[in-house]
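Each remark here refers to the structure printed beneath this line.
Where a number appears in this text, it was derived from the coordinates with a stated rule and is not lab data. Since the structure is predicted, the reported quantities are computational estimates derived from the model, not experimental observations. Neighbour counts run over all protein chains shown; Cβ positions are idealised from the backbone, glycine included.
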């Protein structure tokens, strides 16, 4: 995984903004819709990402998963999912903005990793789930080229294409754009529709 990208934190901030824009575009009638993640509704997907970012301030202080317990688990959206996202995203961004944040070790459930690896994982997750959310709700499913290109490079350099965090890679046509290739590497068909193809 390429950890030398000097724009890592700006890219993470961009991904936070991209996901947030899709959350705020969800209509009241859409929270129960299915998504490209077959086990998740729109609400489930947003709950997953909000939970992830509630963990960030805790883990960047050096806490271990068992120390945090289940404080960031379960239904973390309450009655206002968009506000829940805003609170979690603001706290996550603030934690990453602290001096030395990228020099730390982060203790994840799968083991300890350098903070840049954690940041890239979050950036990838935000971008891919922003696309999931956009496809599920009929929203804007185009993203900044610099963000897509950087995440694609990291995913390809990593070699396992996001496993086990994402579905297995699917074939793509010989000539594709960066977003189509990235989605395929992470098990997603860019042309997904609710009545057609799906992925997890």
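Tabulated data for the structure shown
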quantity	calculated
Region 8-146: equivalent-ellipsoid semi-axes (sqrt of 5 x gyration tensor eigenvalues, Cα, Å)	25, 17, 13
Point-to-point label distance, residue 63-residue 80, nm (Cα→Cβ direction, 7 Å offset)	2.3 nm
Helix-only mean residue ellipticity at 222 nm for the chain, each DSSP H run of n ≥ 4 adding -39500 (n - 2.57), per residue, nearest 500	-16500 deg cm²/dmol
Least to most buried among 23, 155 (fewest other Cβ within 10 Å first)	155, 23
Ranked by how many other beta carbons lie within 10 Å on average, peptides 89-99, 118-128, 42-52 from highest	118-128, 42-52, 89-99
Ascending count of other beta-carbon atoms within 10 Å, so fewest first, for 13, 156	156, 13
Ranked list, fewest to most other Cβ atoms within 10 Å of each Cβ, for 103, 35, 172	103, 172, 35
Computed lengthening from residue 112 to residue 91, 0.36 nm per intervening residue step minus Cα-Cα distance	5.4 nm
